[in-house]
Amino acid sequence: MLDRTRQEAKQDLTTERRRGVATGKSPAYQWYPKDADTDETYRLMSYEQQGMYRALLDHQWLEGSIPSDPKTLAALLRVNVRRFRRLSTWVGT
């Protein structure tokens, strides 16, 4: 029973850290729709590419960075590596 309680406490702390509660970091980041709407690179992305971009922004906010390995990125985005490479033409632009 004690081990389960410790595990639950650890999970709660992890959740709080991800939300920024324990670190003092804001639980959200600013997103300006007008900036995205007026950015040519963003506007030329497909909806799927825009979703990937936003998911990676979320990951970066929560974890502090974005992995550089395409296999890891594909796994985070729940797509296969081939599809990620095809859709990620906007990376680095």
From the residues in segment 59-82 that are assigned to a helix (DSSP H, G or I) and surrounded by fewer than 14 Cβ atoms within 10 Å (Cβ to Cβ), which one is farthest from the chain's Cα centre (by Cα)? Arg82
Please find, within segment 22-50, the residue that is farthest from Ala74 (Cα to Cα) out of those that are of a type in the set (Asp, Glu) and open to solvent by less than 80 Å² (accessible area, probe 1.4 Å). Asp39
Out of all the residues in segment 38-52, is one or more outside any loop (DSSP other than H, G, I, E, B), of a type in the set (A, V, I, L, M, F, W, C) and modelled with pLDDT of 90 or more? yes
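The values are calculated or read from the model by the stated rules, or taken from the named source; none is laboratory data. The model shown is predicted, which means the values in this text are computed figures rather than measured ones. All Cβ positions, glycine included, derive from the backbone under ideal geometry; neighbour counts span all protein chains shown. Accessible surface is based on the protein model in full, side chains and every heavy atom, while ligands, DNA and RNA are left aside. Shrake-Rupley method; radii C 1.70, N 1.55, O 1.52, S 1.80 Å.
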